[in-house]
Amino acid sequence: MTRRFETTPGVLFLCIHNSGRSQIAAGWLRHLAGDTVRVLSAGSEPGEAVNPTAVAVMAEVGIDIAGAQPRRWTPEMMADADVVVAMGCGDECTVVPGTRLLDWELADPAGQGPDMVRGLRDEIEVQVRSLLDEIFDREVAD
């Protein structure tokens, strides 16, 4: 595996409430990359808890995000990330110069049923796998 980073790369997933999209993405990245990537997840206006439908559909694929807690992003998180993935947080998602910013246009799962959130989960998995391929110049094994 060829690394483009001198240290373990950090990825910060951002969305508004840090209760759905960003938590699903963080769960996938932790599951697929283990400790080869520092995974951060935060929001511009954190919710009270992780979306229970997101928790349920991630559990269907063996990924537990039930213990995650929504939190507000901080300048320190931004500075600690090599890649920032914005998911609908708009102009609130600013980055530190030198940090790569990706904007994943994903539907908000708030108030949606399991079928919609499953589709979102699967879409995010594809995006996360692609990101890992880019970070490590490799194919990610199942």
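Annotations
- Convex hull volume of the C-alpha atoms in the chain, normalised per residue: 100 Å³.
- Fully extended contour minus Cα-Cα distance, from Arg72 to Leu101, at 0.36 nm per residue: 8.6 nm
- Listed by Cβ neighbour count within 10 Å, with the fewest neighbours leading, Met78, Met116, Met58 appear as Met116, Met78, Met58.
- Using a simple spin-label model with pseudo-atoms 7 Å out from Cα toward Cβ, Gln127 and Ala56 lie 2.3 nm apart.
- For the chain, adding -39500 (n - 2.57) for each run of n ≥ 4 DSSP H residues and dividing by the number of residues yields -11000 deg cm²/dmol at 222 nm.
- Listed by Cβ neighbour count within 10 Å, with the fewest neighbours leading, Phe13, Phe136 appear as Phe136, Phe13.
- Here the simple spin-label model places points 7 Å from the Cα toward Cβ, and for Ala49 and Asp64 these points are separated by 1.7 nm.
Rule-based calculations on the coordinates, nothing more; no lab input. Everything numeric here is computed off the predicted structure, so don't read it as measured data. Positions of Cβ are backbone-derived with ideal geometry, glycine not excepted, and every protein chain shown enters the neighbour counts.
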